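Colleague: The structure is given below, and queries will be raised subsequently.
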Amino acid sequence: MAQVEKARLTYFNGRGRGESVRFILAAAGVEFTERFLTEKSQLDKWRADGDLLFLQVPLLEMDGMKIVQTLAITRHVARKYGLDGKTAEQKTRIDMLNEGARDFLENYFGIGFVPSTEKLLAQIKDTVLPRYMPIFERELAENTSGYLVGDTLSYADVTLLEALLNTEEFLPGSLKDYPNASKFLAKVSSLPQMKTFLQSSLRKGPNNDVYINTVRTVLEF
């Protein structure tokens, strides 16, 4: 039997949008390797070679395809591994909740890049959490399985998990008024495949100077 080639993720050696790809691959139980972007010459070559449809990373090489755009990658993996719901109604609900969780999560991407991380975190605490957390708290209360939709893990759960882990990391104690979200966080992060991922080197640490400087140098901003 021919050996199945592992998926390969191309991104910086840090979180950013690539981290969401790592999360969904882990949730699906997909083994993958990483190729790190460290120099602009690499990006120029991949663009010239036609590997990056929209000229940017992350790039996931999987199933004989070169897949770009974070949400397209997420949905491809979710469809293939049954993380996108069982009915048309569930699929739509998952899509909506994932978009909301994504909007919530992306507020953390500026850490280390904005002039004041302290001000950014204060803004998240004062405006972002009150905007999104009551919605997810209510959704989790109404669906008694412990997941956002149905009775199995979906890609919306995976995105919300990433957002809540960031919240706990950068704004510790902020989830104390959201018991359903706290239970969800404990439940999903304890799933075997997620626990293994979160304890591995595939899970990247907070943005550090090396990552931030590399991104700035490669993307020239």
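The values are calculated or read from the model by the stated rules, or taken from the named source; none is laboratory data. Note that the structure is predicted; figures quoted are calculated from it, not measured. Every residue, glycine among them, receives a Cβ derived from its backbone with ideal geometry; neighbour counts consider all protein chains shown. Just the protein is used for accessible areas: all its heavy atoms, side chains included, with ligands, DNA and RNA removed. Shrake-Rupley method; radii C 1.70, N 1.55, O 1.52, S 1.80 Å.
Colleague: Can you name the condition, by its number, that Y178 falls short on among (1) modelled with pLDDT of 95 or more; (2) of a type in the set (F, W, Y); (3) open to solvent by 20 Å² or more (accessible area, probe 1.4 Å); (4) more than 20 Å from M133 (Cβ to Cβ)?
Modeller: In the conditions (1) modelled with pLDDT of 95 or more; (2) of a type in the set (F, W, Y); (3) open to solvent by 20 Å² or more (accessible area, probe 1.4 Å); (4) more than 20 Å from M133 (Cβ to Cβ), Y178 misses (4) alone.
Colleague: Let me ask you something else. Out of F54, F23, which single residue is open to solvent by less than 10 Å² (accessible area, probe 1.4 Å) and either aromatic (F, W, Y) or not in a loop (DSSP other than H, G, I, E, B) (or both)? Please lay out each step first, then the result.
Modeller: Details: F54 fails: open to solvent by less than 10 Å² (accessible area, probe 1.4 Å).
Answer to the selection: F23.
Colleague: What pairs come up if the first residue lies in region 157-170 and is small (G, A, S), the second is buried (at least 21 other Cβ atoms within 10 Å of the Cβ), and their beta carbons are under 6 Å apart, counting only those six or more places apart or on different chains?
Modeller: A163/A101; A163/F104; A163/L105
Colleague: Please enumerate the residues belonging to region 72-89 that are in a helix (DSSP H, G or I) and crowded, with 16+ Cβ neighbours inside 10 Å. Give the derivation first.
Modeller: Filtering region 72-89 for residues in a helix (DSSP H, G or I) gives 72-80, 88-89.
Passing the criteria: I73, T74, R75, H76, V77, A78.
Colleague: Here's another thing I want to ask about it. For T144, work out the one condition from (1) open to solvent by 60 Å² or more (accessible area, probe 1.4 Å); (2) more than 16 Å from the chain's Cα centre (by Cα); (3) at pLDDT 95 or above it doesn't fulfil.
Modeller: (3)
Colleague: Find the residue count for region 181-221, including only residues that are part of a helix (DSSP H, G or I), among the hydroxyl-bearing types (S, T, Y), in contact with a helix residue (DSSP H, G or I) (Cβ under 9 Å, 6 or more places away or on another chain) and open to solvent by less than 80 Å² (accessible area, probe 1.4 Å). Working first, answer last.
Modeller: Within region 181-221, the subset part of a helix (DSSP H, G or I) is 181-189, 192-198, 209-219.
Of the ones still in play, those that are also among the hydroxyl-bearing types (S, T, Y) are 182, 189, 196, 211, 214, 217.
Filter again for in contact with a helix residue (DSSP H, G or I) (Cβ under 9 Å, 6 or more places away or on another chain), leaving 182, 189, 196, 211, 217.
When the remaining residues are screened for being open to solvent by less than 80 Å² (accessible area, probe 1.4 Å), the result is 182, 189, 211.
Qualifying residue count for the region: 3.
Colleague: I've got another one for you. So E106 fits all but one of (1) over 30 Å from L140 (Cα atoms); (2) part of a helix (DSSP H, G or I); (3) acidic (D, E); what number is the exception?
Modeller: If we test E106 against (1) over 30 Å from L140 (Cα atoms); (2) part of a helix (DSSP H, G or I); (3) acidic (D, E), just (1) comes out false.
Colleague: Follow-up. May I ask you to verify whether T38 is buried (at least 20 other Cβ atoms within 10 Å of the Cβ) and not hydrophobic (A, V, I, L, M, F, W, C)?
Modeller: So T38 fails the test.
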